[in-house]
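Structure record follows, encoded as structure tokens.
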Amino acid sequence: MDVLRAVLVQDMARALLLAAAAFALTLIVGAWYVPFARRHKLGKQIRADGPQSHLTKMGTPTMGGIMVVSTVVLLTVLFNLVDRWSMLLPLAVLLSFAVLGGVDDWMSLTGSRSKTYGFTVRYKFWLMMAVAFIASLALYLPPPFGLGHEGRLQIPFVGERDIGVFFIPIATLIIVFIANAVNLTDGLDSLAGWNLTLAFGAYGVMTFLAEPRLTNLMAFSFTLVGACAAFLWYNAHPAQVFMGDLGALALGATLAVVALQSQQWLLLPVVGFVFVVEALSVIIQTGYFKWTKWRYGQGRRVFKMAPLHHHFELLGWSQVQVTQRFVLIATVAAMIGISLAILFAPPAPKQVEQNPTTLVVETNP
């Protein structure tokens, strides 16, 4: 038991130290980036048809996701990559989606027409699908071509199952969907940041409690927790900087990869409940508007405005009220996700101590 306890303490200590280091380093990067973005007028454009209270945010620096991405990449390369090459996958996805989001942010800042450079919304979507497909292949294929997860997943009430090659298209869609869901949620000060902090924290706990423990993925998750928490320092209402597509797409896609790599991706709609609801509100609003326009000649809406947080703003909730209430829901959702992962985890091995110096591990029959 002493040996096991020491291993647990060391693994968790490393993860929490990385979280603390990510927090401190992101604060330092933010102290440089926010004034830099202001000097170079990297200010966000605000929707004219949105809530009028948002017009005061016009010109607030954006692309703040670079603070989180740069910190996580640096600390992971230095302390969680050598002999832990499986971390290359979430790092590659983080950087790839950051580049795609960064290009989109830059074009919106410069007023460039996407069609001029060929970077249309549809083109960006297919680029995201391509990156997600490659990541899904890397998860599915056996070594040395991939991580050899095949199609295995943990199903609550059922146990582990293998869905085979169907895992690849499902994983591809999950990565793109969650990336865009986080991007849609990033519409209020600190809303996406808080939800990402809670979601990565939940998966950090789940990977720590997994059998066998996924300690490297756990350390990576907690690194993201620390970086996202530090971003909230600058993104708290009234925000000094916005995450932008660069951060939202990158962190959303990375959250999906962490869930897929942990084989607990069926719990992602629970842990990321707010993200999923926000995305569904846009899908429902768009679909209903198009259908009623075709059916009745005039489009109708289910919500006052989508994504969902704008609907509650137009109902009279303040920005702070919407954020706090959504974060409370996300906190409960994260706790439920962790509890389901624990409750339906595979049986842990029994430790039988035969003498003071020998530790024998006996597996359940």
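The values are calculated or read from the model by the stated rules, or taken from the named source; none is laboratory data. Note that the coordinates shown come from a computational prediction; the quantities given were computed from them, not determined experimentally. Positions of Cβ are backbone-derived with ideal geometry, glycine not excepted, and every protein chain shown enters the neighbour counts.
Computed values, structure above
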| read-out | value |
| --- | --- |
| Qualifying residues in the stretch 258-287 (those that are of a type in the set (G, A, S), without any contact (Cβ under 8 Å) to a residue 60 or more places away in the chain and in a helix (DSSP H, G or I)) - the one farthest from V327 (Cα to Cα) | G287 |
| Residue in the stretch 61-72 that is modelled with pLDDT under 95, at positive phi, surrounded by 18 or more Cβ atoms within 10 Å (Cβ to Cβ) and not charged (D, E, K, R) present | yes |
| Residue in the stretch 245-254 that is among the aliphatic types (A, V, I, L, M), over 10 Å from the mean Cα position of the chain (by Cα) and in a helix (DSSP H, G or I) present | yes |
| Among the residues listed as L141, L147, the single one being under 13 Å from V257 (Cβ atoms), more than 19 Å from the chain's Cα centre (by Cα) and either buried (at least 17 other Cβ atoms within 10 Å of the Cβ) or modelled with pLDDT of 85 or more (or both) | L147 |
| Selected residue [assigned to a helix (DSSP H, G or I) and surrounded by fewer than 24 Cβ atoms within 10 Å (Cβ to Cβ)] from L184, L153 | L184 |
| Residues of the stretch 205-251 satisfying the condition of being among the small types (G, A, S) and within 30 Å of P35 (Cα to Cα) | S221, G226, A227, A229, A230, A236, A239, G244, G247, A248, A250 |
| Only listed residue being among the charged types (D, E, K, R) and within 20 Å of the chain's Cα centre (by Cα), chosen from D162, D189 | D189 |
| Conditions (1) more than 20 Å from V77 (Cα to Cα); (2) touching a Leu at 6+ places or on another chain (Cβ under 8 Å): number failed by C228 | (1) |
| Condition check for S281: surrounded by 12 or more Cβ atoms within 10 Å (Cβ to Cβ), under 30 Å from P169 (Cβ atoms), modelled with pLDDT under 95 and touching a Phe, Trp or Tyr at 6+ places or on another chain (Cβ under 7 Å) | no |
